[in-house]
Amino acid sequence: MSFTEVCAATRQASEDAHLVFADQCLAAVLLPTEQGWFMQAGFGPCDHEAMFFDTLSSAADWVQERFAE
């Protein structure tokens, strides 16, 4: 499980984002919110809609669980 900080382009500017990798595969794209982290996109076992996480650690745990199934 690893995170890579990137800059995501938006219509108005850009914002911080994190790419989440599991088993060397892109699993999710997380964007920061006032409440924590929003999963903008999930891939493979992480393909779910409207996921919010309090912390990056909780997001990592969730992704790891999906890939363990």
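The table that follows gives values for the structure above.
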item: Residues of the stretch 32-43 classified as out of contact with any Ser or Thr (no Cβ under 8 Å at 6 or more places or on another chain) and either open to solvent by 80 Å² or more (accessible area, probe 1.4 Å) or closer than 18 Å to M1 by Cβ (or both), total; result: 7
item: Selection within the stretch 7-41 - of a type in the set (G, A, S), within 23 Å of E69 (Cβ to Cβ) and within 9 Å of the chain's Cα centre (by Cα); result: A27, A28, A41
item: Qualifying positions in the stretch 44-69 - without any contact (Cβ under 8 Å) to a residue 24 or more places away in the chain, surrounded by fewer than 17 Cβ atoms within 10 Å (Cβ to Cβ) and within 15 Å of F3 (Cβ to Cβ); result: T55, S57, S58, D61
item: Sole exception among (1) open to solvent by less than 50 Å² (accessible area, probe 1.4 Å); (2) out of contact with any Phe, Trp or Tyr (no Cβ under 8 Å at 6 or more places or on another chain); (3) in contact (Cβ under 8 Å) with a residue 24 or more places away in the chain for V29, by number; result: (3)
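The values are calculated or read from the model by the stated rules, or taken from the named source; none is laboratory data. Fair warning: this is a prediction, and the values are worked out from it, not measured in the lab. Note: ideal-geometry Cβ built from the backbone for every residue, glycine included; neighbour counts use all protein chains shown. Surface areas here come from the heavy atoms of the whole protein model, side chains and all, with no ligands, DNA or RNA. Shrake-Rupley method; radii C 1.70, N 1.55, O 1.52, S 1.80 Å.
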